[in-house]
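Participant: One structure, pasted below without further comment.
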Amino acid sequence: MDRETIRVVSPLPLTEEQRDIIREKLSRVVKTGLFSIEEEVDPSLIGGIVVFFRDMIIDCSVKTQLQRMKEAILRD
Amino acid sequence: MIRVDRSIVLQVVNFVALVFLLFRFLFKPVVKALDRRSQLIKGELQKIAEEKETLEKMKQSLLEEKKNLKEEYVRTIDQARLEAAKIKEEIVREAFEEGEKIRKEYEKRAKKEVEKLFSTMKEEMVNVAEEVIKKFLQSQITPEIQTQIIANMFEEAMKQLEAVMEVGHGQRND
Amino acid sequence: MEELFNPQVFFYFLGLPVTKTVVSTWIVMAFLVILSWFITRRMNPVPTRLQNIVELFVEAIINLIEGMSPGNGRKFLPLVGSLALFIGTASIAHLVPGLKAPTSDFNTAFALALVVFFAVPFYGIAMRGVRGYFREYVSPSPILLPFHIISEITRTFSLALRLFGNILGEEIIIGIFFLLSPLFVPIPMMLFSVFTGVIQAYIFTILTVVYISAAVEVHEG
């Protein structure tokens, strides 16, 4: 089995603690546990993280939250 | 002194002859001429009377015609007046409707403009607010908060992902 | 003077004496007929002056008759008109030198009266019939018949004498004047002569009309 590469984007460089939390959580969905994390820094995210997992984007960024809020406000 | 001789016979014959001669040469032609003249005058008078009658009739018919024309004139004028009033009303109504339409159109457009302005203003305000919030949040973000966000938000996302994957596996296993 | 009463005899025609009166009568007749023929030869619708005078004369005669016997103007016109013209002309014929007024000869006057005398019953019978006319003579009673006849005759004589007397008298007066001043014919007397002639013609004519009118008049009842 090849190791999966999972890209994680965050506004600040990940701390050890944060990395552990992410690894622990991801291992719940990757049953084999064989994966590596590729880290990327993007300050425009403000807070939270964006995970590129297989063909999915798990967006937990404050930027996206704000965007959604803004759209909700402008819609009505 | 007074003597009647046989010349009286000649005188009677003479006078009777004179009566016939005068009848032939005087009375007959004169009476004829008189008759002819009176006939002529009568004829002329009759002609004049007939002409007068004809003229009278003509006058009558002309008067009648004049009357008719006048009536028709009055009738036409009245009709024209009525028609004009109708047309005027129509024009006024059309103009009013046109004006109303234009007014509505402009109202609508103005409303749209105002709405557009409002929405633009709202967007601008939201954009400004977003920028402000973004700046504020960027200044506030710390590794601790980041950790917390990851712990909470990522946890939520993972749970959802897990649920989806569970269903997929179950389906595949069946 | 004798000449005035008993005109000279020129010649005898069929045993009848052609007197100066008869010759004068012929001249007067010729004058009247030729003048009439000349005037009426061409009658214009618009009358000339002569034609106008003739027409006025005819109309006057017709009116005169109509006045007394309405509706008969045309019938009596030839006789009445001829009488008026002839007497009027004949009475002044003596003004022409050499002519004698035919009416101053009792033969002429009596001849005219005789014509009227016969003309009256002629018209009466012509218009009312023999019976209708002679009924007049026995009305209101046959006893009056002789009186009616006498009346007819006497009035004829009176007519003749009246005309003859007047014209002759006037002629005598003018004759006397001629004798007194043969070179100078007094104009007033000539005018007087014309006046008398016209008056006589008028009277004779009127009386004639009266007699004839009475004869043709229809008496009711």
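Any read-out appearing in this document is the output of simple, stated calculations on the displayed coordinates, not a laboratory observation. Here the structure is a predicted model, which is why all the values come from computation and not from measurement. A quick note on method: Cβ atoms are made from the backbone with ideal geometry, for glycine too, and the neighbour counts reach across all protein chains shown.
Participant: Name the residue that is surrounded by the fewest Cβ atoms within 10 Å (Cβ to Cβ), counting only residues in the stretch C:143-177 that are acidic (Asp, Glu) and more than 18 Å from C:PRO121 (Cα to Cα). If you could, list the steps in order and put the result at the bottom.
Facilitator: At the first step, the residues of the stretch C:143-177 found to be acidic (Asp, Glu) are C:152, C:170-171.
With the extra rule that they be more than 18 Å from C:PRO121 (Cα to Cα), the set shrinks to C:170-171.
Numbers: C:GLU170: 22, C:GLU171: 20.
Going through the qualifying residues, I end up with C:GLU171.
Participant: Okay, next question. Of the residues B:LEU21, B:LEU55, B:LEU62, B:LEU45, only one is under 30 Å from C:LEU85 (Cβ atoms) and in a helix (DSSP H, G or I); which?
Facilitator: Values: B:LEU55 fails: under 30 Å from C:LEU85 (Cβ atoms); B:LEU62 fails: under 30 Å from C:LEU85 (Cβ atoms); B:LEU45 fails: under 30 Å from C:LEU85 (Cβ atoms).
Matching residue, one of B:LEU21, B:LEU55, B:LEU62, B:LEU45: B:LEU21.
Participant: Looking only at the stretch B:133-147, filter to residues that are facing chain A (nearest Cβ under 7 Å) and of a type in the set (A, V, I, L, M, F, W, C); which one of those is surrounded by the most Cβ atoms within 10 Å (Cβ to Cβ)? Please lay out each step first, then the result.
Facilitator: So the first thing to find is which residues in the stretch B:133-147 are facing chain A (nearest Cβ under 7 Å), and the list is B:133-134, B:137-138, B:141, B:143, B:145-147.
Remaining after also requiring of a type in the set (A, V, I, L, M, F, W, C): B:133, B:137, B:141, B:145.
Values: B:ILE133: 16, B:LEU137: 17, B:ILE141: 19, B:ILE145: 15.
Filtering the stretch B:133-147 for residues that are facing chain A (nearest Cβ under 7 Å) and of a type in the set (A, V, I, L, M, F, W, C), the one surrounded by the most Cβ atoms within 10 Å (Cβ to Cβ) comes out as B:ILE141.
Participant: Pairs needed: first member in the stretch A:3-26, away from chain B (no Cβ under 11 Å); second member anywhere, in a helix (DSSP H, G or I); C-beta distance under 9 Å; at least 6 residues apart or different chains.
Facilitator: Once the first residue is away from chain B (no Cβ under 11 Å) and sits in the stretch A:3-26, its partners that are in a helix (DSSP H, G or I) give A:ILE6/A:ILE22; A:ILE6/A:LEU26; A:VAL9/A:LEU45.
Participant: Go through the residues of the stretch B:44-67 one by one and say whether even a single one is of a type in the set (S, T, N, Q) and within 14 Å of chain C (Cβ to nearest Cβ).
Facilitator: First, the residues of the stretch B:44-67 that are of a type in the set (S, T, N, Q): B:46, B:54, B:60-61.
Subset that is within 14 Å of chain C (Cβ to nearest Cβ): none.
No, the stretch B:44-67 contains no residue that is of a type in the set (S, T, N, Q) and within 14 Å of chain C (Cβ to nearest Cβ).
Participant: Here is a follow-up. Here are some conditions: (1) of a type in the set (A, V, I, L, M, F, W, C); (2) surrounded by fewer than 24 Cβ atoms within 10 Å (Cβ to Cβ); (3) more than 10 Å from chain B (Cβ to nearest Cβ). C:LEU114 meets all but one. Which one does it not meet?
Facilitator: Unmet for C:LEU114, out of (1) of a type in the set (A, V, I, L, M, F, W, C); (2) surrounded by fewer than 24 Cβ atoms within 10 Å (Cβ to Cβ); (3) more than 10 Å from chain B (Cβ to nearest Cβ): (3).
Participant: In the stretch C:40-61, which residue that is in a helix (DSSP H, G or I), more than 8 Å from chain B (Cβ to nearest Cβ) and free of Cβ contacts under 8 Å to residues at least 40 places away in the same chain is surrounded by the fewest Cβ atoms within 10 Å (Cβ to Cβ)? Reasoning before the result, please.
Facilitator: Let us first name the residues in the stretch C:40-61 that are in a helix (DSSP H, G or I), namely C:40, C:49-61.
Those left that are additionally more than 8 Å from chain B (Cβ to nearest Cβ): C:49-50, C:52-53, C:56-57, C:60-61.
Of the ones still in play, those that are also free of Cβ contacts under 8 Å to residues at least 40 places away in the same chain are C:49-50, C:52-53, C:56-57, C:60.
Values: C:ARG49: 7, C:LEU50: 12, C:ASN52: 12, C:ILE53: 12, C:LEU56: 11, C:PHE57: 16, C:ALA60: 12.
Going through the qualifying residues, I end up with C:ARG49.
Participant: Residues in the stretch A:10-58 that are assigned to a strand (DSSP E or B), of a type in the set (Val, Ile, Thr) and over 18 Å from B:GLU155 (Cβ atoms): how many? Before you say what the answer is, go through the steps one by one.
Facilitator: Here is the first cut: in the stretch A:10-58, the residues assigned to a strand (DSSP E or B) are A:10, A:35-41, A:48-53, A:56-58.
Adding the requirement that they be of a type in the set (Val, Ile, Thr) leaves A:37, A:41, A:49-51, A:57-58.
Remaining after also requiring over 18 Å from B:GLU155 (Cβ atoms): A:41.
So the answer is 1.
Participant: Can I ask one more? Please enumerate the residues belonging to the stretch A:35-63 that are among the β-branched types (Val, Ile, Thr) and either on the phi > 0 side of the Ramachandran plot or touching a Gly at 6+ places or on another chain (Cβ under 8 Å) (or both). Full working, then the answer.
Facilitator: Let us first name the residues in the stretch A:35-63 that are among the β-branched types (Val, Ile, Thr), namely A:37, A:41, A:46, A:49-51, A:57-58, A:62.
Scanning the stretch A:35-63 gives A:ILE46, A:VAL62.
Participant: Can I ask one more? Quick check on the stretch A:63-75. Is at least one of its residues surrounded by 16 or more Cβ atoms within 10 Å (Cβ to Cβ), assigned to a loop (DSSP other than H, G, I, E, B) and either out of contact with any helix residue (DSSP H, G or I) (no Cβ under 6 Å at 6 or more places or on another chain) or of a type outside the set (Gly, Ala, Ser) (or both)?
Facilitator: Narrowing the stretch A:63-75 to residues surrounded by 16 or more Cβ atoms within 10 Å (Cβ to Cβ): A:63, A:65-66, A:70.
After this cut, where a residue has to be assigned to a loop (DSSP other than H, G, I, E, B) as well, the list is none.
Checking the stretch A:63-75: not a single residue is surrounded by 16 or more Cβ atoms within 10 Å (Cβ to Cβ), assigned to a loop (DSSP other than H, G, I, E, B) and either out of contact with any helix residue (DSSP H, G or I) (no Cβ under 6 Å at 6 or more places or on another chain) or of a type outside the set (Gly, Ala, Ser) (or both).
Participant: Moving on to the next point. Evaluate the stretch C:119-132: report whether one residue or more is under 20 Å from C:ILE212 (Cα atoms), among the small types (Gly, Ala, Ser), without any contact (Cβ under 8 Å) to a residue 12 or more places away in the chain and surrounded by 16 or more Cβ atoms within 10 Å (Cβ to Cβ).
Facilitator: Scanning the stretch C:119-132 turns up no residue that is under 20 Å from C:ILE212 (Cα atoms), among the small types (Gly, Ala, Ser), without any contact (Cβ under 8 Å) to a residue 12 or more places away in the chain and surrounded by 16 or more Cβ atoms within 10 Å (Cβ to Cβ).
Participant: Which condition number does B:ASN14 fail, the rest of (1) within 7 Å of another protein chain (Cβ to nearest Cβ); (2) under 15 Å from C:ASN44 (Cα atoms) being met?
Facilitator: (2)
Participant: Collect the residues in the stretch A:51-65 that are more than 10 Å from every other protein chain (Cβ to nearest Cβ) and of a type in the set (Val, Ile, Thr), keeping them in residue-number order.
Facilitator: Selection gives A:ILE57, A:THR64.
Participant: Does any residue of the stretch C:135-153 turn out to be of a type outside the set (D, E, K, R) and either closer than 19 Å to C:ALA90 by Cβ or touching a Cys at 6+ places or on another chain (Cβ under 7 Å) (or both)? Explain how you work it out, then say what you get.
Facilitator: Residues of the stretch C:135-153 of a type outside the set (D, E, K, R): C:137-151, C:153.
Going one step further and asking which of them are either closer than 19 Å to C:ALA90 by Cβ or touching a Cys at 6+ places or on another chain (Cβ under 7 Å) (or both), we end up with none.
No; the residues of the stretch C:135-153 include none that is of a type outside the set (D, E, K, R) and either closer than 19 Å to C:ALA90 by Cβ or touching a Cys at 6+ places or on another chain (Cβ under 7 Å) (or both).
Participant: Same structure, new question: Go through the stretch C:22-37 residue by residue and tally those that are within 9 Å of chain B (Cβ to nearest Cβ) and either surrounded by fewer than 16 Cβ atoms within 10 Å (Cβ to Cβ) or not polar (S, T, N, Q) (or both). Talk me through it step by step, then tell me what you get.
Facilitator: Taking the stretch C:22-37 and keeping what is within 9 Å of chain B (Cβ to nearest Cβ), we get C:22, C:25-26, C:28-29, C:32-37.
In the following step, the residues that additionally are either surrounded by fewer than 16 Cβ atoms within 10 Å (Cβ to Cβ) or not polar (S, T, N, Q) (or both) were identified as C:22, C:26, C:28-29, C:32-35, C:37.
Number of matching residues: 9.
Participant: Which residue out of B:VAL19, B:VAL31 is in contact with a Lys or Arg (Cβ under 7 Å, 6 or more places away or on another chain) and within 10 Å of chain C (Cβ to nearest Cβ)? Step through it out loud before you land on a result.
Facilitator: Numbers: B:VAL19 fails: in contact with a Lys or Arg (Cβ under 7 Å, 6 or more places away or on another chain).
Step by step, each of B:VAL19, B:VAL31 is checked, and only B:VAL31 is in contact with a Lys or Arg (Cβ under 7 Å, 6 or more places away or on another chain) and within 10 Å of chain C (Cβ to nearest Cβ).
Participant: Restrict the check to the stretch C:142-161 and report whether at least one residue is within 22 Å of the chain's Cα centre (by Cα), among the acidic types (Asp, Glu) and assigned to a helix (DSSP H, G or I).
Facilitator: Checked against the condition, which is being within 22 Å of the chain's Cα centre (by Cα), among the acidic types (Asp, Glu) and assigned to a helix (DSSP H, G or I), the stretch C:142-161 yields at least one hit.
Participant: Let me ask something else about it. I'm told A:LEU45 meets every condition in (1) surrounded by 19 or more Cβ atoms within 10 Å (Cβ to Cβ); (2) within 9 Å of chain B (Cβ to nearest Cβ) except one. Can you identify the failing condition by its number?
Facilitator: (2)
Participant: So, in the stretch C:6-21, of the ones that are facing chain B (nearest Cβ under 9 Å) and touching a residue at least 40 places away in the same chain (Cβ under 8 Å), which residue ends up surrounded by the fewest Cβ atoms within 10 Å (Cβ to Cβ)?
Facilitator: So, considering only residues that are facing chain B (nearest Cβ under 9 Å) and touching a residue at least 40 places away in the same chain (Cβ under 8 Å), the one surrounded by the fewest Cβ atoms within 10 Å (Cβ to Cβ) is C:PRO7.
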